[in-house]
């Protein structure tokens, strides 16, 4: 009986081993083909995405990487369905990726482009350089919704919201700085070390040990530092993370969300605060300037004194003052 089974088993094992060897050989050929394709393109100084993708498609036609990368990029979506536990892991993962060195992000981009094509990689990684909130704003004001901020968008914003060159420059200059060029619309609370947390919030964390549970835990940190403040409930209510900073000027706290919702007639944001990050990012900045009478300061002109005064009201200090001055003056030049 054993001899009878041995033959088929040996054949099966041999087929598997042979298949693995063939797969490895095929993979090696694919790698060589890709390397040759990349070298050819570089030598010929091809600038067209179509040229690159055509050659890469021919070299990676039988590659297994597409399937595996598809699975890999599906993991965050799958984890998001595993309740709060899964969503926390996903949030922490993306927050960690956001602070990775540029060389790592570029390397990852090359890996993706090798399997999916340059255009796909550009679209994927370009999201960090393009704001969906800016695209939505551009669609509202009637300019090309490319997510990029420049003179045409600045002029359209000023016209749509009836802003003078001085008011528009101060508002957009501050918002530009606070949002990293209109790219960030949600407060970044991912800190990798408790030492940094303790340094930023010494009154909330008197010792480094007290901050340790909140390292790489942005939701927990928001619930801790924003508890019993700005209309939020206690730490257990989780309203600190629910009403964390969003928008181009970081609308923060339940009371501010409620006031904005009431003043602007958008009660839905209380149940869906993420709308502030995606749909009302600029409107919250406009509301902040109106509510805090910052336009009265803006009307005094665009100069270092007025920019410092508004910066103090927006930031609580003068962090990033040089950039705020630069951006405000540049935008004022566009609008004048």
Exercise. Somewhere in region 193-214, is a residue surrounded by 18 or more Cβ atoms within 10 Å (Cβ to Cβ), part of a loop (DSSP other than H, G, I, E, B) and touching a strand residue (DSSP E or B) at 6+ places or on another chain (Cβ under 7 Å)?
Worked result: no
Problem set entry | Failed condition for residue 156, given (1) under 18 Å from the mean Cα position of the chain (by Cα); (2) surrounded by fewer than 21 Cβ atoms within 10 Å (Cβ to Cβ); (3) assigned to a helix (DSSP H, G or I) | (1)
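Residue by residue, here is whether (1) out of contact with any helix residue (DSSP H, G or I) (no Cβ under 6 Å at 6 or more places or on another chain); (2) without any contact (Cβ under 8 Å) to a residue 60 or more places away in the chain; (3) part of a helix (DSSP H, G or I); (4) buried (at least 17 other Cβ atoms within 10 Å of the Cβ) holds:
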| residue | (1), (2), (3), (4) |
| --- | --- |
| 223 | no, yes, yes, yes |
| 228 | yes, yes, no, no |
| 240 | no, yes, yes, yes |
| 259 | yes, yes, yes, no |
| 262 | yes, yes, yes, no |
Problem set entry | Residue list for region 301-317, restricted to those being under 15 Å from residue 249 (Cα atoms) and assigned to a loop (DSSP other than H, G, I, E, B) | 316, 317
For this session: Identify, from the list 279, 306, the residue that is touching a residue at least 60 places away in the same chain (Cβ under 8 Å) and outside the structural domain of residue 169 (by TED's automatic domain parsing).
Result: 279
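The values are calculated or read from the model by the stated rules, or taken from the named source; none is laboratory data. Everything quoted here is computed from the prediction, not taken from an experiment. Please note: Cβ atoms are built from the backbone with ideal geometry, for glycine as well, and neighbour counts cover all protein chains shown.
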